[in-house]
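Inspection log for the structure reproduced underneath, given as structure tokens.
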Amino acid sequence: MTLTDTRAGATLRARLALDPRGLALLRAGLGLLFAIDAALRLCAAGALYTDAGLLPRADAVDLQGPLQWSLHLANGSLAFALAMGVLQLLAALVLAVGWRSRVAGALLWVLVVSAFARHPAVVGASDLLMLSVASLGLLMPWNRRWSVDGALAPETHEDAAGSWPDLALRMFAALLPAFLALATVDAAGGLAGLLASEHANALGHAWAARLPGSLGVLETALRGMAVLIVPLALWPSTWAHRAAAALYASLALLALLLLHAGALPWLALLCAGLLVDGASWNRLRGAADQPELRLHYDRNTPGAAGLARLLDVFLGLPRTQVGPAQDNARAARLLDSGPLLVVIDRDEQAHLDAAGIVVLLRRSPLLAPLRPLLAAGLGSALAAAVLALRRVGVCAARIGVDPVRACRCAGVASVTALALFALLCGSNAAAAGLLPRAMGRVVGVPLQAIGLDRAWLDALPSIDGARHWITLVGERVDGGEVDATDARLRAADYASRPLPWFAGPHARAFAATLAQPGASAGVRVALARHLCEEHAGTLARVRVTSMVREAGAAIAEQRVLLRYECGPDE
């Protein structure tokens with residue numbers, strides 16, 4: 001299956017093509033975000049993915065839709081949960097460095113979808129959005145640049161002329177701020193309520209307290225910026241794309257400064273990088289015709305070329321030329337002394353092997369904070385370790401894949417990208433109020449198989465300015481009330497405090513899911529049953545209570561979400 005193209009359509013797509021460096025930044029950033037998420041989930045694997053945890057497999061199956069699946073349901077032991085978590089962490093790290101990116105990305109995607117389906121109560125807005133972007137990214141050659149795959153196949157570093165997946169990912173990224181702006185138009189309190197809530201940091205609270213009159217104007221400006229990104233990103237002009245990237249990055253940085261928004265601002269920065277044009281990336285790299293460093297390798301030594309290219313890619317060296325030493329007369333003469341690498345700096349001084357690697361380490365902008373240590377001897381130790389890893393480059397080259405080899409199913413990839421884009425946009429448009437909610441539920445049916453049947457906008461926390469939290473109170477057989485989450489069953493505490501099983505974004509997502517009506521009833525029951533089993537014979541019942549304290553109120557309002565009787569069989 002292929003998509004026919006007119007000459008005008010091909011020209012338009014070429015103007016809207018994503019630069020491979022923006023795609024590489026997205027791949028590496030997503031890999032790191034997924035690695036952090038996997039590490040956090042790994043720390044709470046016993047609570048999240050075992051039969052002895054908060055959601056046994058029998059309860060998890062009852063919560064799944066007809067098309068949902070999860071490899072984590074194959075076993076309920078802690079050892080299996082830890083093995084799956086470690087595999088997910090390794091796949092994320094391998095994707096971040098760009099080695100066997102298609103295989104690592106596909107494996108990571110399967111494990112992430114499986115983990116989300118195993119315990120949907122700890123899936124937040126950033127999780128859903130990361131998976132959405134990754135699903136589109138897997139259909140693209142995002143390992144062309146800044147990757148092990150790309151470094152070991154430099155002759156294929158030709159920029160793409162544009163593709164339908166390119167256009168789908170660009171449009172999806174551009175629409176994200178607009179969907180968010182439209183979804184929060186009717187939110188109670190608006191920006192003032194958000195900065196007064198627990199989702200704002202100290203700087204956000206200070207801004208809301210000291211400059212309350214500016215919040216209305218700022219909110220209007222932010223919404224305008226979010227909507228303006230769409231036409232700018234889709235206008236076939238370099239300056240329009242730069243303006244869209246600048247607006248996108250400004251929104252993300254403002255969120256980082258004012259809010260506790262988890263991974264969402266970082267993901268927004270990665271999406272802003274997609275809109276940066278090739279000329280801007282070239283300026284960051286430096287003028288190639290005036291190199292400060294020339295990195296030559298022995299063409300006849302296995303692994304030398306891969307090592308040189310990997311150093312150039314992962315050290316972020318500006319204004320550096322890499323090529324065989326045999327093509328340079330001076331470097332070729334130096335090969336007689338047996339070096340693997342020859343580095344010639346701008347002063348025409350030659351540095352061989354470890355000494356050359358030390359020069360590269362000191363010139364790397366990524367290692368700038370370590371330059372005093374590199375000058376004090378750490379550089380020589382690292383250089384020796386790098387030379388010892390030459391065989392890794394040989395093995396990677398042997399079992400690696402060509403990152404830009406023409407996909408035999410390019411037509412299928414294009415159709416898949418456009419169909420996925422349409423489904424995701426339909427789901428988010430319904431969540432933003434642009435389409436009926438019923439249409440969002442219809443669109444969500446085919447998305448169940450990839451874990452995206454719930455729009456990321458629906459998973460955003462409340463921004464009404466009130467503080468929300470969950471308390472789990474146990475009623476003893478003698479009538480006393482205790483904290484059901486406490487091992488010693490101390491007196492009940494209704495104040496806002498973190499859950500004992502895990503912390504961070506997963507705990508916030510879990511509490512938010514418990515407070516949602518209807519859909520989370522099974523999660524509440526499983527949690528209450530777990531607490532009854534933990535304190536068998538001691539508790540008569542468990543109450544799941546939602547606590548809401550309005551802005552300025554001294555007392556929180558309580559609403560009982562579930563009262564679960566601890567029977568003899570529990």
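The values are calculated or read from the model by the stated rules, or taken from the named source; none is laboratory data. This structure is a prediction, so every number in the text was calculated from the model and none was measured. Cβ: placed from backbone, ideal geometry, glycine included. Neighbour counts: every protein chain shown. Ligands, DNA and RNA are stripped out before the accessible areas are found, and what is left, the full protein with its side chains, is counted by its heavy atoms. Shrake-Rupley method; radii C 1.70, N 1.55, O 1.52, S 1.80 Å.
For the chain, a crude dipole built from +1 on the beta carbon of Lys and Arg and -1 on the beta carbon of Asp and Glu, taken about the Cα centre, is about 1080 debye to the nearest 20. The simple Förster model, with R0 at 35 Å and r as the Cβ-Cβ distance, assigns VAL548 and LEU218 a FRET efficiency of 0.85.
Can you tell me how region 60-199 classifies by the Cα gyration tensor, rounded, prolate or oblate, using a/c under 1.5 as the rounded cut? Judged from the Cα gyration tensor, region 60-199 comes out oblate (a/c at least 1.5, b/c at or above a/b). Among [x] 16, 32, 27, 15, 8, 2, 0; [y] 18, 46, 29, 6, 0; [z] 19, 50, 26, 6, 0, only one was calculated for this model; which label is it, if the read-out is P(r) over Cα pairs in 20 Å bins from 0, in percent? Matching the structure shown: [y]. Between ALA384 and ASP336, the C-beta separation translates, for a Förster distance of 35 Å, into a calculated FRET efficiency of about 0.95.
Helix 78-97 sits at what angle to the longest principal axis of the chain, using alpha carbons and giving 0 to 90 degrees rounded to 10? Value to nearest ten degrees: 40. Based on protein heavy atoms only, the chain ends up with 45 Å² per residue of surface accessible to a 1.4 Å probe. Give the shape of region 78-127 as rounded, prolate or oblate, defined through the alpha-carbon gyration tensor: a ≥ b ≥ c are the square roots of its eigenvalues, a/c under 1.5 means rounded, and otherwise the shape is prolate if a/b is larger than b/c and oblate if not. In terms of gyration-tensor shape, oblate.
Between ALA206 and ARG559, the contour length at 0.36 nm per residue exceeds the alpha carbon distance by 124.0 nm. A simple spin-label model places the labels of ASN75 and ALA246 5.5 nm from each other, with each point 7 Å out along Cα-to-Cβ.
Take 23-35, 139-151 and order them by the average number of nearby Cβ atoms within 10 Å per residue, most first; the result is 139-151, 23-35.
Label-to-label distance for VAL110 and ASP478 is 5.5 nm, based on points extended 7 Å past Cα in the beta-carbon direction. On a 0 to 90° scale, report how tilted helix 390-399 is relative to the longest principal axis of the chain, with both axes built from alpha carbons and the result rounded to the nearest 10. Helix 390-399 sits at roughly 70 degrees to that axis. Above 27 Å, the calculated P(r) of region 444-570 contains 24 percent of its Cα-Cα pairs. Taking 0.36 nm per residue of separation and subtracting the Cα-Cα distance, full extension of the segment from ARG362 to ALA58 would add 103.8 nm. Computed from the C-beta positions of GLU348 and LEU90, the FRET efficiency with R₀ = 45 Å rounds to 0.55.
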